[in-house]
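Report on the following structure.
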Amino acid sequence: MITRQVPVLTYHAANISGNCYQSNDRIAFQSDLYTLHKLGFTIIPLHWLVDWLLGDRDLPSKDKPYVALSCDDGLDQDYLDGDYLQFGPQKSLYNLLKDFQLEVGVDQQPHAHLTAFVMADAEARKTIAEQSLQGQPLLNDNWWREANNSPLFSIENHSWDHRHPAIYTQQQAQFSDVLTADEANLQIIRAKQTIDYLANTNSQLFCYPWGQTNPFLVEDFLPTQGQRDGIKAAFTCEPKAVTKDSNPWMIPRFVCGPDWHSPIQFQQLVKVFI
C-alpha cells in the first residue's frame, strides 16, 4: 500500500527583496498555485489535514494528491493589498488565492484555503515593525476578524511575541529556549486566548517560531496543557511531507526560499507527492 504524503507549503508575505519569483514570496505563491493546479493537486485547509492526521477526517480521493498552504508572521498583506517598503504595490496572498480560485473555477478548487499564523502581542508587533520593517506599521490585527470569516482564510497561533530579536537579546531570541510552564503559557496559551479574542475565533493550531522546538514543548507541555486548552497540533519547518506517522506536535512544512527558490525547483519538489 502506498503511503499518502501531503506537503504543507509555507510563505512569508514580508519576504520581498525584488519583484521576481526568487525575490518575492507573493510572486512565488501566485506561480505555485497554478503549478499545483496544473499538476492535479487539490488544495485543502490546513485544519482538514490535521483532522486527517488525527483520524477525525477522511480525504475524499485515494488517488488525488493534496496540498495545504500556510503563511507566517501575520503581515497585513497576508490579507490586504498595499505598498511594501520600497517595492511598490503588492497584492495580498489572500487576494492572489481568491483570484486563482475564480480563474480556474471554484468547482475545480472548491476547498482553496490559506492559514495565517500570527503573533498575539500588539506591542511586540509594533516593536518588530519599527525595527524590522523600516518603521512601517504592517503588523496589525484590525483585519483578523474579517479575514477569519472568509472561507479562504484562517487565523492561527504563532506565539505571543516570536521570541523576536527586536524584543529579546540575541542569546534569548530562540524559541527552543522556552523551557518552563510559565514561559510556555505566555508564548502559547495566552497567545491563543488573545488571538481568539482579536480574531473572534477558536484557534487550534500552533506554529513554532522559526520552526524551533524542544522536548519539553513537544513531549510535555503541548500534549498536556496545550491540548487541554484546545490546541490540536503544532507545526515545524522540517522539510518533509505529512503522513499518518507524523507527530501531531511536530508537523513538517516546506518553506519557500529555504526549500525551493525557482519554479523548476518547485515542480521537482511537489512532483514527488503525485
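The values are calculated or read from the model by the stated rules, or taken from the named source; none is laboratory data. On a predicted model such as this, the values are computed, not experimentally measured, just so you know. Positions of Cβ are generated from backbone atoms using ideal geometry, with glycine treated the same way; all protein chains shown enter the neighbour counts. Surface areas here come from the heavy atoms of the whole protein model, side chains and all, with no ligands, DNA or RNA. Shrake-Rupley method; radii C 1.70, N 1.55, O 1.52, S 1.80 Å.
Residues being surrounded by 15 or more Cβ atoms within 10 Å (Cβ to Cβ) and part of a helix (DSSP H, G or I): count how many of those fall in segment 36-48.
Matching residues across segment 36-48 total 5.
Are any of the residues in segment 182-189 open to solvent by 10 Å² or more (accessible area, probe 1.4 Å) and touching a Lys or Arg at 6+ places or on another chain (Cβ under 8 Å)?
No, the conditions are met nowhere in segment 182-189.
Scan Glu130, Glu146 and give me the residue that is closer than 24 Å to Trp48 by Cα and open to solvent by 10 Å² or more (accessible area, probe 1.4 Å).
Glu146
Any residue at all in segment 64-77 that's open to solvent by 60 Å² or more (accessible area, probe 1.4 Å), touching a residue at least 24 places away in the same chain (Cβ under 8 Å) and within 20 Å of the chain's Cα centre (by Cα)?
No; the residues of segment 64-77 include none that is open to solvent by 60 Å² or more (accessible area, probe 1.4 Å), touching a residue at least 24 places away in the same chain (Cβ under 8 Å) and within 20 Å of the chain's Cα centre (by Cα).
Residue by residue through segment 173-214, note down the ones that are of a type in the set (A, V, I, L, M) and without any contact (Cβ under 8 Å) to a residue 24 or more places away in the chain.
Ala173, the sole residue that qualifies.
Within segment 207-244, how many residues are in contact with a helix residue (DSSP H, G or I) (Cβ under 6 Å, 6 or more places away or on another chain), within 18 Å of Arg190 (Cα to Cα), open to solvent by less than 30 Å² (accessible area, probe 1.4 Å) and not in a helix (DSSP H, G or I)?
Qualifying residue count for the region: 3.
Table: residues versus (1) open to solvent by 10 Å² or more (accessible area, probe 1.4 Å); (2) in contact with a helix residue (DSSP H, G or I) (Cβ under 7 Å, 6 or more places away or on another chain).
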{"residue": "Asn15", "(1), (2)": "yes, yes"}
{"residue": "Cys20", "(1), (2)": "yes, yes"}
{"residue": "Ala28", "(1), (2)": "no, yes"}
{"residue": "Ser31", "(1), (2)": "yes, yes"}
{"residue": "Val50", "(1), (2)": "no, no"}
{"residue": "Tyr94", "(1), (2)": "yes, yes"}
{"residue": "Phe117", "(1), (2)": "no, no"}
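Pairs, please: C-beta under 6 Å, at least 6 apart or cross-chain, first residue under 15 Å from Tyr11 (Cα atoms) and in segment 88-109, second part of a helix (DSSP H, G or I) and open to solvent by less than 90 Å² (accessible area, probe 1.4 Å)?
Hits for this filter: Gln90/Arg26; Gln90/Gln77; Ser92/Gln77; Leu93/Phe29; Leu93/Asp78; Leu96/Phe29; Leu96/Gln30.
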